[in-house]
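Presented below is the structure to which this report refers.
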Amino acid sequence: MGSYAEEYKRFINNREDFWKEKADLIHWYKKSEKILSKTEEDLFRWYEGGTLNTCYLAVDFHVENGRKDQTALIYDSPVTNTKQKFTYGELQKEVSEFAGVLVNLGITKGDRVVIYMPMIPEAVFAMLACARIGAIHSVVFGGFAPHELAIRIDDATPKLLISSSYGIEVDKIIPYKPLLDEAIHQATHKPDSVLMVKRPNLDEIMHTGRDHYYHEIRSEAKPRDCVPVGANHPLYILYTSGTTGKPKGVIRENGGHAVAMHYSMKAVYNMNPGDVFWSASDVGWVVGHSYIVYAPLIYGCTTILYEGKPVRTPDAGAFFRVISEYKVKVLFTAPTAIRAIKKEDPEGKLLKKYDITCLETLFLAGERTDPNTYYWAQDLLKVPVVDHWWQTETGWAISSNLIGIEKRDSKAGSSNFPVPGFEVHILDDGGNVLENGKEGYIAVKLPLPPGCLPTLWKDTPNFRKSYLQQYPGYYVTGDGGYYDKDGYLFVMGRIDDVINVAGHRLSTGEMEEIISSHPSVAECAVIGIAEEIKGQIPIGFVVLKDGHSSEGLKLETDLSHMIREQIGAIASFKNAMIVKRLPKTRSGKILRKTMRKMLDGEEFTIPSTIDDPAILDEIKEIAKSHKVGKAFS
Ligand code: COA
Ligand code: AMP
């Protein structure tokens, strides 16, 4: 492929030629003659007029081209002691029959299907079956509470919900049906049908007429073929946390997505067809969509669906076991998983039980890889560690070490270089491009490459407002950072109300909305502070209404319960401190960033616009007395 610099230059010099060449590497029913165009709403669009089918590319194409008997999907579930392999041929049978069930339930091209499932093969079949018939799936992470699911149901207005009996959290069974029923109850939109994939040893209450068991209606369905769809037809909607309680419906279109997935497998991950790729994530997150399901399959690799944790299922050697057992070439996970392993097995003793010489590279994303984790993983695994930077919005890496193009050294703390397709600049407040070494807003010059969101589901005004308005001609990522003198990109964290808790993207703004609804709360601020394993955890500072005393209130328990009920246990909200006032600027803006830096023990300057500096001292004292924050614990 030549050098990274050459590849990047080819993209910068002629984007359309570059992306035409990449598009020619996948199978189209009809190729697009307009590589890049604009919609009526003046938004960029890739491959207008082209037709293809993503499920065909991920499944049938390989069956027809010599990979019928190659393993496509490995299901490894330490929590149920199950291991199962599906060849491409078997995957085709499963998916085409699943598609038949969808058709029998009245699902056609363009209908939305919400999938709320644990990490079982049927979750993958369901996604691919939707793609096969042109239905638009919206997978909701199984750790979200009914309230979050209801919000997504109301926005996506699905005809069908697909779920399964339960998820398993280490040794805890989480029945999904009651959560699903509660979500449907809370939602204004009511789906026509619910399709349940049964798991052993739990019976659920089924609503006659609406609810169906997959195993009961499967035999009535006939396998369905792939339906050609337009390149700009949505493949899926994936909701992600923004700065408010309303998540953003990121749209992924079939054409650009398939091209980007295909390109990234070689350029970013250096995979070849037939190699084994393992993304230890969840199908409910973007990483799971792109790198458990679509990209490895589109590229003819073997992918692993792992229903377990990095630790406790059964121990911190679980990842090493899977790598050695299936000859994994590339592992992609979140730094939090590595930190969890490191905490339980700091010397990596469990690794000695396994041969992991098959592993070529460890890729990390979801949050910045701190240098300690980077060095620990590299020293232990003796393979290059690549931190690469991503968002749900982009669907694939914005910056990475492009090891499939040129193996360059990574730097600890950096997510390396812009991926060809992304023209990444650091901007100051006024939108001027900053020189290397200066920290600012990280923005991507438009157009975004194929695979990135074209807009938000039914909400172009919010798409413009959230991403395009701040700096005309740019997509604003919401992250801050800088290039160092050697051109390495350092992504230092969000500059908005989004936090990452153990790799789960959550909104502190949404948590504030929930806490504010407590009858005793006058106002509050939720900030994400540094935590050893999860990277960040949310904590709250709460001002009570006049006349409400904190005595006997169990406020902390109440608030943590509310967040758990409405967002989910994944929010890990456990600390709420009552304060008399919140630190603000004279114009009333809460100084969340200043509080965060103070608690994390980072250097900070008190803004000159602060209303009353004494409030910051009060916050400090209360955090100290609760031993909250790196600076005080
Ligand atoms: N369904 C229901 N509940 C879930 C869930 C799911 N799918 N996932 C997590 N939860 C619950 C957990 O049971 C836990 O509940 P508890 O408070 O009652 O114990 C809570 O949410 C927090 O879970 P988690 O964030 O997973 O923390 P943990 O302490 O159990 O495990 C890690 C910590 C680091 C091992 C784990 O978070 C992990 O593996 N993270 C990697 C995430 C990842 O891969 N993200 C994708 C980005 S690439
Ligand atoms: P998500 O949409 O859940 O993938 O979360 C995206 C956000 O996670 C980004 O905007 C970043 O804040 C953060 N993130 C993901 N990967 C990295 C990384 N490698 N380095 C720094 N931040 C990251």
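The values are calculated or read from the model by the stated rules, or taken from the named source; none is laboratory data. Computed from a predicted structure; not experimentally measured. Neighbour counts are summed over all protein chains in view; Cβ atoms, including those assigned to glycine, are modelled from backbone coordinates with ideal geometry. We work out accessible area using only protein heavy atoms, side chains counted, and drop any ligands, DNA or RNA first. Shrake-Rupley method; radii C 1.70, N 1.55, O 1.52, S 1.80 Å.
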Net charge dipole size for segment 498-625 [Lys, Arg +1 and Asp, Glu -1 on Cβ; Debye, nearest 20]: 200
Local charge sum around A334 (other residues, Cβ-Cβ under 15 Å, Lys/Arg +1, Asp/Glu -1)? +1
Cα gyration tensor shape of segment 117-164, rounded if a/c is under 1.5, else prolate or oblate by comparing a/b with b/c: oblate
Counting pairwise Cα distances across segment 498-625, what percent come out greater than 23 angstrom? 29
The chain: longest segment with zero exposed GluC sites (Glu not before Pro), where exposed means DSSP loop plus at most 13 other C-beta atoms within 10 Å, is residues 42-346
Quick query: amide H of E169 versus all other amide H atoms, modeled in the peptide plane; which residues come in under 5 Å with a sequence gap of 5 or more or a different chain? I174
Inter-part distance where segment 254-313 and segment 33-82 are each reduced to a Cα centre, Å: 11
Which is farthest toward the positive dipole end of segment 498-625 among V498, A614, V579, measuring Cα position about the Cα centre, with Cβ charges +1 (Lys, Arg) and -1 (Asp, Glu)? V498
Calculated FRET efficiency, Q470 and K93, Cβ-Cβ r, R0 51 Å, to nearest 0.05? 0.55
I136 long-range amide H proximity, modeled H, under 5 Å: G110, D111, R112, V113
Value of D in µm² per second that Stokes-Einstein yields for segment 218-354, Kirkwood Rh from Cα pairs, at 37 °C (0.692 mPa s): 192
What whole-number value in cubic angstrom gives the convex hull volume per residue for the C-alpha atoms of segment 187-230? 151
Along the charge dipole of the chain, which of H185, V170, V330 sits closest to the positive end, that is, farthest toward it, with unit charges on the beta carbon of Lys, Arg, Asp and Glu (+1, +1, -1, -1)? V330
Surrounding charge for E41, neighbours by C-beta under 13 angstrom, Lys/Arg +1, Asp/Glu -1, total +1
Taking the Cβ-Cβ separation of T188 and K352 as r and a Förster radius of 51 Å, what is the calculated FRET efficiency to the nearest 0.05? 0.35
Surface/4 estimate of mean projected area, convex hull on alpha-carbon atoms of the chain, nm²: 27.9
Solvent-accessible area of T71, probe 1.4 Å, all protein chains present, reported in Å² to the nearest ten, please. 40
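Taking the Cα centre of the chain as the origin, how large is its charge dipole in debye, to the nearest 20, when only Lys and Arg (+1) and Asp and Glu (-1) carry charge on their Cβ atoms?
Working: 75 positive and 82 negative charges, 94 e Å.
For the chain, the charge dipole is close to 460 debye.
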Total lysine pairs whose alpha carbons fall under 22 Å of each other in segment 286-382 (8 or more apart, or interchain): 25
Mind checking the dipole of segment 437-578: about its Cα centre, +1 per Lys or Arg Cβ, -1 per Asp or Glu Cβ, Debye to the nearest 20? 520
With every protein chain kept in place and ligands, DNA and RNA left out, what is the accessible area per residue of segment 498-625? Probe 1.4 Å, answer in Å². 47
I'd like the carbon and sulfur percentage of the solvent accessible area for segment 498-625, probe radius 1.4 Å, heavy atoms only, ligands and nucleic acids excluded. 48
Over segment 574-633 - Rg/Rh using Cα atoms and the Kirkwood inverse-distance radius: 0.95
Give the lysines whose C-alpha is closer than 21 Å to that of K593, dropping any in the same chain fewer than 8 places away, or say none. K438, K534, K574, K580, K584, K620, K624, K627, K630
Normalise the Cα radius of gyration of segment 1-79 by 2.2 N^0.38 Å (N = residues in it) and let me know the number. 1.50
Excluding ligands and nucleic acids, what accessible area in Å² is computed for S410 using a 1.4 Å probe, to the nearest 10? 30
Summing Lys, Arg as +1 and Asp, Glu as -1, what charge do residues with Cβ under 11 Å from the Cβ of D486 carry, D486 excluded? +1
Whichever lysines have a C-alpha closer than 18 Å to that of K458, once near sequence neighbours (fewer than 8 apart) are set aside: K38, K109, K159, K246, K248
Which of I405, Y483, G440 sits closest to the plus end of the dipole of segment 399-495, meaning its Cα is farthest towards the positive end, when Lys and Arg get +1 and Asp and Glu get -1 on the C-beta? I405
Taking every DSSP beta bridge with both residues inside the chain, roughly what % is antiparallel (nearest 5)? 60
State the extension gain, in nm to one decimal, for the chain segment bounded by R586 and N372, taking 0.36 nm per residue of separation less the distance between their alpha-carbons. 73.1 nm
For segment 151-158, in residue order, the Karplus 3J(HN,Hα) values (coefficients 6.51, -1.76, 1.60; θ = phi - 60°; whole Hz; Gly and Pro = x) are 4, 5, 4, 5, 7, 7, 6, x
Go ahead and run the numbers for FRET between I495 and I610, Cβ-Cβ distance against an R0 of 25 Å, rounding to 0.05. 0.85
